[in-house]
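Take a look at the structure below.
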Amino acid sequence: MLRYTVLTLFPGLIEPWTKEALLAKAIQRGLIEINVRDIRDYAHDKHRQVDDYPYGGGAGMVLRPDVVVEAIEDQLPASEVILLTPAGEPLKQPLAEELATKEHLVLVSGRYEGFDARVEEFVTRELSIGDFVLMGGEVAALAVIEATARLVPGVLGDPESHRLDSFSSGLLDYPQYTRPPEFRGLKVPDVLLSGHHGKVAEWRRREALRRTRERRPDLLDEHE
């Protein structure tokens, strides 16, 4: 079982996500476990203050290291303590596959102007979900959970399905079609209706390369 602990200032942003669709089913079946902890529970004053003004001046507030580190240490032991930050390494499919083999992931999501830099000394990894800035780390934490939980055996209905996804092969996924065979003049490619599995496989590989070349040529270096 893969266990997640999300540290956040807004547990209400995370908890509803765990009660629907495949995540809820995976939790019910004991395949994954998702715990949410409020960082404010580790504040040291009656006002539950978790942030303060930045040294040197500047806009916004910074999350205090004493509060955040105490919250982290209360979740240990953990396989990985992951800080969600735009400065982290990009989350890509091979990394998701690696993280999915772990036992306990602690996901630390911040708000405001981010964390005191000393927090970085108490995590094992820093992750980013893209070159953009969000209002907080909760969406990033959920992205990590979605990307890894679906790789846990038994979570997806078809155990082979994730192996055919975009990025699992280093390429974007091939286009998919279903009924009706013709819609507003747009037809399903004949090869997919042929029943010839070898030709279908060749078409899918060719289409995956074409899509990747057109949309993400940066992924093609090792495939051509």
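The values are calculated or read from the model by the stated rules, or taken from the named source; none is laboratory data. Everything numeric in this text was worked out from a predicted model, so none of it was measured. No Cβ is skipped: glycine too gets one built from the backbone with ideal geometry, and neighbour counts run over all protein chains shown.
Please find, within region 39-59, the residue that is farthest from S109 (Cα to Cα) out of those that are buried (at least 17 other Cβ atoms within 10 Å of the Cβ) and not hydroxyl-bearing (S, T, Y). The selected residue is A43.
Screening region 115-142 for residues that are aliphatic (A, V, I, L, M) and crowded, with 17+ Cβ neighbours inside 10 Å and picking the one that is farthest from T18 (Cα to Cα) gives V119.
Hey, does region 196-203 have a residue that's charged (D, E, K, R) and touching a helix residue (DSSP H, G or I) at 6+ places or on another chain (Cβ under 9 Å)? Yes, that holds for at least one residue.
State all residues of region 113-144 that are β-branched (V, I, T) and part of a helix (DSSP H, G or I); if no residue qualifies, say none. Walk me through it before giving the result.
Of all residues in region 113-144, those β-branched (V, I, T) come to 119, 123-124, 129, 133, 139, 144.
Once the filter is applied, which keeps residues that are β-branched (V, I, T) and part of a helix (DSSP H, G or I), region 113-144 yields V119, V139, V144.
Please verify whether region 28-49 includes one or more residues that are assigned to a helix (DSSP H, G or I), in the same structural domain as S128 (by TED's automatic domain parsing) and hydroxyl-bearing (S, T, Y).
From region 28-49, those assigned to a helix (DSSP H, G or I) are 28, 39-42; that's our starting set.
Pick out the ones that are also in the same structural domain as S128 (by TED's automatic domain parsing) and you get 28, 39-42.
Now drop any that are not hydroxyl-bearing (S, T, Y), which leaves 42.
Yes, region 28-49 has at least one match.
Of the residues making up region 167-211, those that are free of Cβ contacts under 8 Å to residues at least 24 places away in the same chain, assigned to a loop (DSSP other than H, G, I, E, B) and among the small types (G, A, S) are G185, S194, G195. Of all residues in region 49-78, those satisfying the criterion of being farther than 20 Å from E121 by Cβ and either at pLDDT 95 or above or touching a strand residue (DSSP E or B) at 6+ places or on another chain (Cβ under 8 Å) (or both) are Y53, M61.
Taking (1) among the aliphatic types (A, V, I, L, M); (2) touching a Ser or Thr at 6+ places or on another chain (Cβ under 9 Å); (3) modelled with pLDDT under 95 in turn, L151 satisfies each apart from (3). Scanning region 60-87 for residues that are in a strand (DSSP E or B), within 21 Å of the chain's Cα centre (by Cα) and not β-branched (V, I, T) turns up E80, L83, L84, P86, A87.
The residue list L7, L22 contains one member that is surrounded by fewer than 17 Cβ atoms within 10 Å (Cβ to Cβ), under 25 Å from the mean Cα position of the chain (by Cα) and not in a loop (DSSP other than H, G, I, E, B), which is L22.
Among the residues of region 75-113, those that are touching a helix residue (DSSP H, G or I) at 6+ places or on another chain (Cβ under 7 Å) and of a type outside the set (A, V, I, L, M) comprise E80, S109.
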